[in-house]
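Report on one structure; see the data block that follows.
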Amino acid sequence: MKVLVIGGGGREHALAWKLKQSEGVEQVFVAPGNAGTARDKQLVNLPITDKVALREWAQANGIGLTVVGPEAPLAAGVVDEFRAHGLAIFGPTQKAAQLESSKAFSKAFMQRHGIPTAEYQTFTDADQAHAYVDAKGAPIVVKADGLAAGKGVVVAMSLAEAHDAIDFMLLDNKLGVAHNEGGARVVIEEFLEGEEASFIVLCDGVNALALATSQDHKRLLDADQGPNTGGMGAYSPAPVVTPAVHQRAMDEVILPTLRGMATDGIPYTGFLYAGLMITADGRVKTLEFNCRMGDPETQPIMMRLRSNLAQVLLSATRAELDKVTLDWDPRVALGVVLAAAGYPMNPRKGDAITGLPADEADRMVFHAGTADADSQVVASGGRVLCVTALADTVAAAQKKAYEVVDGVRFDGMQCRRDIGYRAL
């Protein structure tokens with residue numbers, strides 16, 4: 001079988017890396033891919049991003065399964081396009097992807113279907129948003145309604161920060177948010193105390209199958225300081241997701257979401273990522289939904305997966321996830337993101353990368369924002385690489401990953417030195 005992975009980031013590199021190991025898969029194409037997928041002789045980059053052109057190429061080349069990595073093609077309706085022509089594709093439809101592409105849709109959905117989440121209000125008018133923040137006080141959370149590449153959330157610890165975020169998102173739009181119908185909007189919600197975890201499942205419209213638990217580090221700097229990012233590292237499993245929390249997440253968040261989407265006439269298929277806040281007493285509240293695997297959570301999760309990923313995802317396209325069980329490596333996987341100078345607001349591109357090691361079964365460097373320039377690998381995005389390692393303990397995985405990190409070089413490279421500290 002030939003498989004197509006849509007996307008060009010670290011998540012897609014990790015998915016393609018795992019898919020090529022699946023028995024029965026003869027070739028994996030990545031569209032458009034990056035310098036890491038280009039370096040892998042078992043993967044083929046495909047310079048196509050338009051959904052119709054991708055669908056025509058998939059038909060012409062006998063692609064048996066397509067897997068969508070990032071949010072933008074999902075929001076643009078790539079799944080609808082492929083399905084309309086009888087092609088097997090794993091991901092949510094354009095309407096279902098609103099769970100991520102519109103924070104306002106997502107929050108209203110959760111409220112309607114009784115899924116635990118933070119109290120919130122939605123605003124298009126900056127003055128009204130400012131008045132709401134003044135009435136509620138800080139800390140408070142301000143979210144851009146639209147696709148913002150994981151950077152559209154400000155956890156404001158002061159009123160001044162909240163007011164700046166409102167102006168930034170509603171008036172300036174320097175994040176480059178892909179606005180939904182009606183223009184710029186913000187969702188302002190209560191600040192929740194607790195520990196965050198990424199709870200990611202596979203969905204086939206009816207059934208949900210949980211992936212290994214994981215936890216990422218959103219802040220740029222050590223000890224969770226600095227601005228929010230798309231994620232500076234992650235590890236799996238996440239000790240905070242105890243068996244009781246896992247059951248609650250399934251019973252109170254995932255399964256009601258699947259039922260609610262079906263009730264609303266928008267059956268949900270694809271990866272579903274629930275960002276959860278877990279309180280000290282083990283209750284869960286939903287911070288957000290993503291309609292895709294997390295990045296950088298995908299990298300550690302794929303390192304631990306032993307099952308045939310292609311067959312698992314094919315089963316999901318046939319609504320047969322209830323017949324599937326997943327096999328996991330019991331070891332810990334930990335990934336450290338290496339980010340470009342100026343990330344997250346103004347990442348610099350073009351810096352040459354040296355010291356990249358050969359791939360190993362228990363130590364991988366997954367590429368995210370990389371490109372080839374004059375036979376040299378250069379930074380081409382904010383998060384450049386994710387160094388991921390497998391070991392028996394969190395401390396051992398951390399040590400192994402940072403040994404590789406210390407050998408990689410590019411000007412202005414940023415990374416946290418404490419990934420996994422919550423689990424130590």
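Tell me whether segment 104-113 contains one or more residues that are in contact with a helix residue (DSSP H, G or I) (Cβ under 8 Å, 6 or more places away or on another chain), open to solvent by less than 30 Å² (accessible area, probe 1.4 Å) and over 23 Å from Val201 (Cα atoms).
no
Under the condition of being among the polar types (S, T, N, Q) and in contact with a Ser or Thr (Cβ under 8 Å, 6 or more places away or on another chain), which residue from segment 359-418 is surrounded by the fewest Cβ atoms within 10 Å (Cβ to Cβ)? Walk me through it before giving the result.
Going residue by residue through segment 359-418, those that are among the polar types (S, T, N, Q) are 370, 375-376, 380, 388, 393, 398, 414.
From what is left, the residues that are in contact with a Ser or Thr (Cβ under 8 Å, 6 or more places away or on another chain) are 370, 380.
Details: Thr370: 29, Ser380: 21.
Residue satisfying both the conditions and the ranking: Ser380.
How about segment 262-294: which of its residues are within 18 Å of Arg112 (Cα to Cα) and assigned to a loop (DSSP other than H, G, I, E, B)?
The initial filter retains those residues of segment 262-294 that are within 18 Å of Arg112 (Cα to Cα), namely 262-268, 274, 284-289.
Those that are within 18 Å of Arg112 (Cα to Cα) and assigned to a loop (DSSP other than H, G, I, E, B): Asp264, Gly265, Ile266, Pro267, Tyr268.
Is one or more of the residues making up segment 248-258 open to solvent by 10 Å² or more (accessible area, probe 1.4 Å), of a type in the set (S, T, N, Q), part of a helix (DSSP H, G or I) and over 20 Å from Met413 (Cβ atoms)?
Within segment 248-258 (the criterion being open to solvent by 10 Å² or more (accessible area, probe 1.4 Å), of a type in the set (S, T, N, Q), part of a helix (DSSP H, G or I) and over 20 Å from Met413 (Cβ atoms)), the answer is no, since none of the residues qualifies.
Which one is surrounded by the fewest Cβ atoms within 10 Å (Cβ to Cβ), of the residues in segment 195-223 that are more than 25 Å from Arg331 (Cα to Cα) and of a type in the set (D, E, K, R)?
Of the residues in segment 195-223, the ones more than 25 Å from Arg331 (Cα to Cα) are 203-207, 219-221.
Among the residues that remain, those that are also of a type in the set (D, E, K, R) are: 204, 219.
Values: Asp204: 23, Arg219: 16.
Here the answer is Arg219.
Could you tell me how many of the residues in segment 31-74 are part of a helix (DSSP H, G or I), aliphatic (A, V, I, L, M) and either open to solvent by less than 30 Å² (accessible area, probe 1.4 Å) or touching a Phe, Trp or Tyr at 6+ places or on another chain (Cβ under 7 Å) (or both)? Can you show your working first?
Step one: list which residues in segment 31-74 are part of a helix (DSSP H, G or I), which gives 35-39, 51-60, 71-74.
Filter once more, so that each one left must be aliphatic (A, V, I, L, M): 35, 38, 52-54, 58, 60, 72, 74.
Then keep just the ones that are either open to solvent by less than 30 Å² (accessible area, probe 1.4 Å) or touching a Phe, Trp or Tyr at 6+ places or on another chain (Cβ under 7 Å) (or both); that gives 35, 54, 58, 74.
Total meeting the criteria: 4.
Please work out which residue is farthest from the chain's Cα centre (by Cα), limiting yourself to segment 355-395 and to residues that are in a loop (DSSP other than H, G, I, E, B) and of a type in the set (D, E, K, R).
If we filter segment 355-395 for residues that are in a loop (DSSP other than H, G, I, E, B), which is where we start, we get 355-359, 361-362, 368-369, 374-375, 380-382, 392-393.
Next cut, of a type in the set (D, E, K, R) only: 359, 362, 374, 392.
On the way: Asp359: 23, Asp362: 22, Asp374: 31, Asp392: 25 Å.
Step by step, filter segment 355-395, then rank; the result is Asp374.
If you take the residues of segment 297-339 that are of a type in the set (Gly, Ala, Ser) and crowded, with 21+ Cβ neighbours inside 10 Å, which of them is farthest from Thr393 (Cα to Cα)?
Looking only at segment 297-339, we keep the residues that are of a type in the set (Gly, Ala, Ser), and these are 307, 310, 315-316, 319, 333, 335, 339.
From what is left, the residues that are crowded, with 21+ Cβ neighbours inside 10 Å are 310, 316, 333, 335, 339.
Details: Ala310: 28, Ala316: 32, Ala333: 9, Gly335: 13, Ala339: 25 Å.
Filtering first and then ranking leaves Ala316.
Kindly list, by first and then second residue, each pair from a residue in segment 183-199 that is under 13 Å from Ile140 (Cα atoms) to a residue that is assigned to a loop (DSSP other than H, G, I, E, B) and open to solvent by 60 Å² or more (accessible area, probe 1.4 Å), limited to pairs with Cβ atoms under 6 Å and residues at least 6 apart or on different chains.
Listed by first residue and then by second, the contacts come to Glu190/Glu119.
Within segment 346-357, identify whether any single residue is out of contact with any Lys or Arg (no Cβ under 7 Å at 6 or more places or on another chain), over 20 Å from Ala16 (Cα atoms) and small (Gly, Ala, Ser), and answer yes or no.
Looking through segment 346-357, at least one residue is out of contact with any Lys or Arg (no Cβ under 7 Å at 6 or more places or on another chain), over 20 Å from Ala16 (Cα atoms) and small (Gly, Ala, Ser).
The values are calculated or read from the model by the stated rules, or taken from the named source; none is laboratory data. Predicted, not measured: the structure shown is a model, and the values here were computed from it. Reconstructed Cβ throughout: ideal geometry from the backbone, glycine too, with neighbour counts over all protein chains shown. Surface areas here come from the heavy atoms of the whole protein model, side chains and all, with no ligands, DNA or RNA. Shrake-Rupley method; radii C 1.70, N 1.55, O 1.52, S 1.80 Å.
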